[in-house]
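Chemist: Provided herewith is a single structure, encoded as structure tokens, for subsequent inquiry.
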Amino acid sequence: MGNKLVFISHITEEGELAKLLSDVIKTSYLGMLDTFVSSDGQSIPSGARWLDTIDKALNDSAIQISLCSPQSIQRPWINFEAGASWIRKIPVIPLCHSGLQKGNLPIPLALLQSADIDNKGDLTAMFATLTTTLGAKISPTVDYSSFIANYKAFANDYTYVNRVKNAVYEILSIENNLRPLFLDGSIQSAHVKLADYQVMQIAPRLDILRNESLLSYVFNSTQITGQGTFKSGNITLSQKYLDDILPKL
């Protein structure tokens, strides 16, 4: 009989965190628990039918940990995988991170015994459940401090990128003509002319990017016409934007 399987449910963008969790589980239990992480390049063999492999892993798992963030709980697969395990009556633990706390989980995830990833007490309880699943009586010694520190490094980058991406796409939803500037990488600066109401909508988003040293902008010209009031100026992307953000959009 093989080792019992921990199914780690996550979205692709959170694959790095799923691997961190997988590694600490395997290390702590000395390989007596296996993990299924769909994005790790090992759980799903090359060429395997993705949905069939997921289905088999769900059926074979003894416990599921669902990585829950403000982004992931909006995706149907997180709820689908949790529901599939719940129907099979195996433990499902929503593990909240990157801006989502267990007290803010939506239904039906809120009905499950959840944990906050940066709370040592919650992690201790989660590993106690893993120990019970394994059939052991004593939980292993886990370096929670190192795990939380590694998580915080991931979360800092992850939440930063998401905050920036949201600001960029909100800007483009207001003025789609800015797509060549923000998405193409073909130009670094653009002269823009926007209606006054558009400037009022876009400025707070531009401020988010400016505060992260990703761009500079100025609207220094006002024109009043029969069609309304317009403001003109320049938006210039920084090299940091081109190097760090553009490849992730």
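The values are calculated or read from the model by the stated rules, or taken from the named source; none is laboratory data. Predicted, not measured: the structure shown is a model, and the values here were computed from it. Positions of Cβ are generated from backbone atoms using ideal geometry, with glycine treated the same way; all protein chains shown enter the neighbour counts. Keep in mind that these areas ignore ligands, DNA and RNA; they rest on the heavy atoms of the full protein, side chains included. Shrake-Rupley method; radii C 1.70, N 1.55, O 1.52, S 1.80 Å.
Chemist: Being outside any loop (DSSP other than H, G, I, E, B), of a type outside the set (Gly, Ala, Ser), in contact with a strand residue (DSSP E or B) (Cβ under 8 Å, 6 or more places away or on another chain) and modelled with pLDDT of 95 or more is the requirement here; does LEU58 meet it?
Modeler: No: the conditions fail for LEU58.
Chemist: With the checklist (1) open to solvent by less than 30 Å² (accessible area, probe 1.4 Å); (2) assigned to a helix (DSSP H, G or I) in hand, flag the one item THR159 doesn't pass.
Modeler: Exception for THR159: condition (1).
Chemist: Could you tell me whether any residue of region 171-191 is farther than 15 Å from PRO70 by Cα, of a type in the set (Gly, Ala, Ser), outside any helix (DSSP H, G or I) and in contact with a Pro (Cβ under 8 Å, 6 or more places away or on another chain)? Outline the logic, then answer.
Modeler: Kept after step one, since they are farther than 15 Å from PRO70 by Cα, are these residues of region 171-191: 171-191.
Okay, now just the ones that are also of a type in the set (Gly, Ala, Ser), so 173, 185-186, 189-190.
From what's left, outside any helix (DSSP H, G or I): 185-186, 189-190.
Restricting the remaining residues to those that are in contact with a Pro (Cβ under 8 Å, 6 or more places away or on another chain) gives 186, 190.
Yes - at least one qualifying residue is present in region 171-191.
Chemist: Open to solvent by 20 Å² or more (accessible area, probe 1.4 Å) and in contact with a Leu (Cβ under 6 Å, 6 or more places away or on another chain): is that true of ASN150 in this structure?
Modeler: Details: open to solvent by 20 Å² or more (accessible area, probe 1.4 Å): yes; in contact with a Leu (Cβ under 6 Å, 6 or more places away or on another chain): yes.
Yes.
Chemist: Looking at (1) among the β-branched types (Val, Ile, Thr); (2) modelled with pLDDT of 90 or more; (3) open to solvent by 10 Å² or more (accessible area, probe 1.4 Å), find the lone condition where ILE8 falls short.
Modeler: Every listed condition holds for ILE8 apart from (3).
Chemist: Taking into account only those residues within region 121-147 that are open to solvent by less than 30 Å² (accessible area, probe 1.4 Å) and hydroxyl-bearing (Ser, Thr, Tyr), which is farthest from ASP23 (Cα to Cα)? First the steps, then the outcome.
Modeler: Keep residues of region 121-147 that are open to solvent by less than 30 Å² (accessible area, probe 1.4 Å), which gives 122-123, 126-127, 130-131, 133, 142, 144, 147.
From what's left, hydroxyl-bearing (Ser, Thr, Tyr): 131, 133, 144.
Working: THR131: 16, THR133: 18, TYR144: 13 Å.
Residue satisfying both the conditions and the ranking: THR133.
Chemist: Scan (1) under 25 Å from ASP157 (Cα atoms); (2) touching a strand residue (DSSP E or B) at 6+ places or on another chain (Cβ under 9 Å); (3) not in a helix (DSSP H, G or I) for the single condition ALA203 breaks and write down its number.
Modeler: It fails just one condition, (3).
Chemist: Report, by residue number, each residue of region 58-96 that is of a type in the set (Gly, Ala, Ser), closer than 17 Å to ILE25 by Cβ and crowded, with 21+ Cβ neighbours inside 10 Å.
Modeler: SER61, SER66, SER85
Chemist: Cβ-Cβ under 8 Å, sequence separation 6+ or interchain: first residue in region 227-249 and within 14 Å of LEU206 (Cβ to Cβ) and open to solvent by 50 Å² or more (accessible area, probe 1.4 Å), partner charged (D, E, K, R) and assigned to a strand (DSSP E or B). Which pairs?
Modeler: As it stands, the answer is LYS231/LYS193, since those pairs meet every condition given.
Chemist: Answer yes or no: is there a residue in region 125-132 that is out of contact with any strand residue (DSSP E or B) (no Cβ under 9 Å at 6 or more places or on another chain), aliphatic (A, V, I, L, M) and under 26 Å from ASN79 (Cβ atoms).
Modeler: Looking for residues that are out of contact with any strand residue (DSSP E or B) (no Cβ under 9 Å at 6 or more places or on another chain), aliphatic (A, V, I, L, M) and under 26 Å from ASN79 (Cβ atoms), one finds at least one in region 125-132, hence yes.
Chemist: For the list (1) outside any helix (DSSP H, G or I); (2) in contact with a helix residue (DSSP H, G or I) (Cβ under 9 Å, 6 or more places away or on another chain), I need the number of the one condition that SER146 fails.
Modeler: So the condition that SER146 fails would be (1).
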